[in-house]
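Participant: Below are the structure tokens for one structure; questions will follow.
The values are calculated or read from the model by the stated rules, or taken from the named source; none is laboratory data. Computed from a predicted structure; not experimentally measured. Virtual Cβ from ideal backbone geometry, glycine too; neighbours counted across all protein chains shown. Only protein heavy atoms, including side chains, enter the accessible area calculation; ligands, DNA and RNA are left aside. Shrake-Rupley method; radii C 1.70, N 1.55, O 1.52, S 1.80 Å.
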Amino acid sequence: MDIRSTLTELCAAFNAHDLDRIMAFFADDCVLEMPRGSHPWGARHAGKAAVRTALAGRFAGLPDVHYGDTAHFVDEAAGTGISKWTLT
């Protein structure tokens with residue numbers, strides 16, 4: 001799967017609140033940094049289990065959360081990509 005397709009599918013998984021589908025994109029040693037948390041910079045979740053727990057909490061606390069107005073920026077030569085979305 002190319003980078004843009006991967007980012008598009010990841011966003012769709014987030015909008016479906018499908019934790020299994022979301023976590024399939026994450027490595028075992030992944031890190032998720034979220035803007036809200038107990039620290040001034042938010043919260044940092046390290047490892048697949050911690051990330052899954054954090055996302056489950058987000059979906060439980062915001063059951064109608066939606067990631068819209070998506071834009072994906074890809075540098076195929078570098079093998080990197082970034083997604084931007086509006087959270088509602």
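Participant: Please give the contour-minus-distance gain from A71 to W85: 0.36 nm per residue of separation, less the Cα-Cα distance, rounded to one decimal in nm.
Facilitator: 4.4 nm
Participant: Count charges around I22 for me, please; just the other residues with Cβ under 12 Å from its Cβ, Lys/Arg as +1, Asp/Glu as -1.
Facilitator: That sum, taken over residues with Cβ under 12 Å, equals +1.
Participant: Let me ask something else. Suppose a student asked you for the relative contact order of region 1-69, using Cα pairs under 8 Å spaced at least 6 residues apart; what percent would you report?
Facilitator: Reported as a whole number, the value is 28 percent.
Participant: With θ set to phi - 60°, apply the Karplus curve 6.51 cos²θ - 1.76 cosθ + 1.60 along region 73-88 and write out the HN-Hα couplings as whole Hz, x wherever there is a Gly or Pro.
Facilitator: Once rounded to whole Hz, the list reads 10, 10, 10, 4, 4, 8, x, 10, x, 9, 10, 10, 8, 9, 8, 10.
Participant: Estimate the FRET efficiency between T6 and L62 by the formula 1/(1 + (r/R0)^6), using the beta-carbon distance for r and 30 Å for R0, to the nearest 0.05.
Facilitator: That pair, T6 with L62, gives E of 0.80.
Participant: Which value, in Å² rounded to 10, gives the accessible area of H39 with a 1.4 Å probe and all protein chains present?
Facilitator: 90
Participant: If you don't mind, another one. Given labels modelled 7 Å from the Cα in the Cβ direction, how far is it in nm from A49 to L19?
Facilitator: 1.3
Participant: If you roll a 1.4 angstrom probe over the protein chains with everything in place, what fraction of the accessible area of the chain belongs to carbon and sulfur, to the nearest %?
Facilitator: Accessible surface attributable to carbon and sulfur in the chain totals 56 percent.
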